[in-house]
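All remarks here apply to the structure that follows.
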Amino acid sequence: MKKALVVLVMVIMMSTNAFAYGIDNVKAAGAVLMDMENGRVLWGKNEDKPLAMASTTKIMTAIIALEEGDPEDIVTVSKRAAMAPEVDIDLSTGDEIKLKHLLYALMLKSANDSAVAIAEHIGGSVEGFSDMMNEKAFEMGAFDTEFVTPNGLDEGDHHSTAEDMALIASYALKNEKFVEIINKESYSFTTENDKRSFFVNNTNRLLREYKGAFGVKTGFTVKAGHCFVGAAERDGVSLVSCVLASGWGAGGKEYKWTDTKAILDYGFEKYKKYSLLEDGLDTGSIGVLNSGTKSIRTEADGKVYALLTEEEADNIKIIKVLPKSIEAPVKVGQKVGFIRIYTDDFLLGEADILALDEAERKNIIRIMTQLLETWVL
């Protein structure tokens, strides 16, 4: 009886601690919560601090492979790829495997040999592929990221920030094939000659433990500690989180999950999706110069949605730039102005203002003809 009572007390204590684990308890050295749609940082802890990011690196490896390669490509495994350290799927030199199979091994099991094989196939070499990764990161706005390897193993100045990794993941999550891969529970495949077969399980616990989860990638190295980039969607709200260096050992391994859940819980509780601009919104009329048409109607072209707190929603700033008049000729659908919507200094979204009416320019011959007709009459 006493033993049962002790167990019951322990269970209650564990439940209480789990309930109390909130945003202020996040253990990660660097962490962030981001609006997936526009890349706005909703919460952060040292989010711009350069840190090793381990196998979360493979998010970039996968998206470049999907954009630059053909999933049906046959990849020949090199000696360098076959010699990659664990975690791996035990590829052998000379194995021929479709690129799509390697992508599942990359993202579900975090196979380092698959990462090297993919890099060499797409970039010609690991070094060439790393250059592609860095160029892509710069294009995305991930300016404090340096890729040295395609698998995230500690080498040189291989690093990123929580904010940059969330930004990279937000980009990748807009690719349907990428999302399909990372949400697969398990996957099996063979080499092209069917002599060797492989089976991988998805190591992403968030998919099984968190409502609305749909990504993304775990990571661990001795230098980086336990890392994770996560994503979840509820009621049209899509959030991306990243935790770098949540800790080491068994404790750190668990903290990356509790950290992530606390961050996402905070986001879903605090932020709601607001419609800030509807497509076709009447934006008024403007005058037309040098035309028989005195004015034309205008409307907004595009929608703007954003995640905001109640306080932010009450204090957004809308800037409408629309001239009082415009020179003829004017065509239907012509851009005549724009709308931008901000919270603080962050641009939440923008839309063009278009002309709804046509206005021809006055023609001197036509004007003279009309005057003569009036004079004759």
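The values are calculated or read from the model by the stated rules, or taken from the named source; none is laboratory data. As the structure is a computational prediction, the values presented were derived from the model and not from experiment. Quick reminder, even Gly has a Cβ in these numbers, built from the backbone with ideal geometry, and neighbours come from all protein chains shown. Calculation scope for accessible area: heavy atoms of the full protein, side chains included, ligands and nucleic acids excluded. Shrake-Rupley method; radii C 1.70, N 1.55, O 1.52, S 1.80 Å.
The table for this structure:
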{"read-out": "Residue check for residue 184: surrounded by fewer than 19 Cβ atoms within 10 Å (Cβ to Cβ), over 21 Å from residue 85 (Cα atoms), without any contact (Cβ under 8 Å) to a residue 12 or more places away in the chain and charged (D, E, K, R)", "value": "no"}
{"read-out": "Cross-chain or 6+ apart pairs with Cβ under 8 Å, segment 23-38 first and of a type in the set (Phe, Trp, Tyr), then assigned to a strand (DSSP E or B)", "value": "none"}
{"read-out": "Pairs where the first residue, in segment 306-326, is in contact (Cβ under 8 Å) with a residue 60 or more places away in the chain and on the phi < 0 side of the Ramachandran plot and the second is β-branched (Val, Ile, Thr) and in a strand (DSSP E or B), C-beta under 8 Å, 6+ apart", "value": "306/341; 306/343; 307/237"}
{"read-out": "Residue within segment 63-76 that is of a type in the set (Asp, Glu) and at pLDDT below 95 present", "value": "no"}
{"read-out": "Filtered residue count, segment 161-181, keeping only those that are touching a helix residue (DSSP H, G or I) at 6+ places or on another chain (Cβ under 8 Å), of a type outside the set (A, V, I, L, M, F, W, C) and surrounded by 18 or more Cβ atoms within 10 Å (Cβ to Cβ)", "value": "2"}
{"read-out": "Selection status of residue 214, assigned to a strand (DSSP E or B) and open to solvent by 80 Å² or more (accessible area, probe 1.4 Å)", "value": "no"}
{"read-out": "Segment 55-74 residues that are more than 12 Å from residue 175 (Cα to Cα) and surrounded by fewer than 22 Cβ atoms within 10 Å (Cβ to Cβ), paired with ones that are modelled with pLDDT of 95 or more and small (Gly, Ala, Ser) (beta carbon under 9 Å, 6 or more apart)", "value": "68/123; 71/65"}
{"read-out": "Among the residues listed as 311, 299, the single one being within 30 Å of residue 237 (Cβ to Cβ) and modelled with pLDDT of 95 or more", "value": "299"}
{"read-out": "So residue 198, is it surrounded by 14 or more Cβ atoms within 10 Å (Cβ to Cβ), more than 18 Å from the chain's Cα centre (by Cα) and in contact (Cβ under 8 Å) with a residue 40 or more places away in the chain", "value": "yes"}
{"read-out": "Any chance residue 277 is open to solvent by less than 80 Å² (accessible area, probe 1.4 Å) and modelled with pLDDT of 95 or more", "value": "no"}
